[in-house]
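> The structure that follows is given in the form of structure tokens.
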Amino acid sequence: MDSEGGSSHKRQKTAERDLDCTNASRGVWLVKVPKYISSLWEKSQPLSEAGRLRIVKNSGKPDITFTLSDEMLKNPDGSKNKELPREHRFVISNISHQTLAVFGCETEDNVNDSKPGKLVLGGHVLQKGECRPLADKCYMNLKKDMILQATKPKRQVKQLTKAVNSFKPISDHKHNIEYEQKKKAEGRKARDDKDKVTEMLYAAFEKHQYYNIKDLEKITKQPVPYLKEILKEICNYNAKNPHKSTWELKPEYRHYKSQEQAE
């Protein structure tokens, strides 16, 4: 019982994924339209008239014209849009070396025997063409406006007369203010007596052999130029590895033996 139920469920899933080929024999046209026409069709109401197609045979070759409907060219206020071209011409191309088809999904509004969302073959392509507007004054003005819009910068600088949101611009930020205050405080550091600073340095070097200038500045709380003057008298500066950029007491002020002396 379980195996039969499982196989039935699999068959049902496979049937849902099958392609509906009911309209396989239907012929359709594949036409590329300008962007302004596609945007008009997307904004239009369902089942509204898109336009009129006129086919006239001229010396064996069909002359195909397309005219947008008045409904498509209506502005929101009801007036007629005179900026968009109304007359167009179809340019047909040869597709004898191609096999093209149209696919889609069934919707709830257009369901026959299949379920919504099922993949459906809409038909095979008979003609492939391109919808081109006539090169009249209306079309030239449209292209001129499109070129001018494309040349305009996408971002522009505008001066604000009032704050547009709660994030108002400020003249300075908090971390900048704290940095300036710290800088001023360090500049106003009072110089202690030289002997007192020297004692603090000796006490520090009793704990560690090497220090950089920042650590000694924190320990003594003295201005860096004044601190360097004292360090040059009692310390040596290491410019090479392994203790590069550090200070060390001169041999005559050390209470310990160096590694070479110990050996």
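The values are calculated or read from the model by the stated rules, or taken from the named source; none is laboratory data. Nothing here was measured: the structure is a model prediction, and the numbers come from that model. With ideal geometry, Cβ positions are generated from the backbone for all residues, glycine too; neighbour counts draw on all protein chains shown. Remember, those area values only see protein heavy atoms, side chains included, never the ligands or the DNA or RNA. Shrake-Rupley method; radii C 1.70, N 1.55, O 1.52, S 1.80 Å.
Here is a yes/no grid of residues against (1) open to solvent by less than 100 Å² (accessible area, probe 1.4 Å); (2) basic (K, R); (3) assigned to a strand (DSSP E or B):
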residue	(1), (2), (3)
L47	no, no, no
T65	yes, no, yes
M72	yes, no, no
F90	yes, no, yes
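> Also, quick follow-up: I want to confirm something. Restricting to the range 228-255 and keeping residues that are open to solvent by less than 60 Å² (accessible area, probe 1.4 Å) and over 15 Å from N212 (Cβ atoms), which single residue is farthest from the chain's Cα centre (by Cα)?
R254
> Pick from the range 187-203 the residues that are charged (D, E, K, R) and loosely packed, with under 10 Cβ neighbours inside 10 Å: which of them is modelled with the lowest pLDDT?
Residue satisfying both the conditions and the ranking: R188.
> Output the residues belonging to the range 135-165 that are hydroxyl-bearing (S, T, Y) and under 19 Å from N81 (Cβ atoms). Talk me through it step by step, then tell me what you get.
We begin by selecting, within the range 135-165, every residue hydroxyl-bearing (S, T, Y); these are 139, 151, 161.
Y139 - this is the single residue of the range 135-165 that is hydroxyl-bearing (S, T, Y) and under 19 Å from N81 (Cβ atoms).
> If a residue must be surrounded by 10 or more Cβ atoms within 10 Å (Cβ to Cβ) and either in contact (Cβ under 8 Å) with a residue 24 or more places away in the chain or farther than 21 Å from K137 by Cβ (or both), how many such residues does the range 75-88 contain?
7
> Being surrounded by 10 or more Cβ atoms within 10 Å (Cβ to Cβ) and at pLDDT 85 or above is true for just one of G123, G117. Which residue is that?
Residue meeting the stated conditions: G123.
> Going residue by residue through the range 10-23, is there one that turns out to be modelled with pLDDT under 85, closer than 24 Å to N75 by Cα and hydroxyl-bearing (S, T, Y)?
No.
> Across the range 132-186, what is the number of residues that are modelled with pLDDT of 75 or more, assigned to a loop (DSSP other than H, G, I, E, B) and either among the β-branched types (V, I, T) or surrounded by 10 or more Cβ atoms within 10 Å (Cβ to Cβ) (or both)?
Within the range 132-186, residues that are modelled with pLDDT of 75 or more, assigned to a loop (DSSP other than H, G, I, E, B) and either among the β-branched types (V, I, T) or surrounded by 10 or more Cβ atoms within 10 Å (Cβ to Cβ) (or both) number 5.
> Find all pairs meeting these conditions: Cβ atoms under 8 angstrom apart; at least six residues apart or on different chains; first residue within the range 230-252 and free of Cβ contacts under 8 Å to residues at least 24 places away in the same chain; second residue polar (S, T, N, Q).
Hits for this filter: Y237/T246; A239/S245; K244/N238; K250/N236; P251/S258.
> I've got another one for you. What about K43, is it under 24 Å from D145 (Cα atoms) and free of Cβ contacts under 8 Å to residues at least 60 places away in the same chain?
In short, yes.
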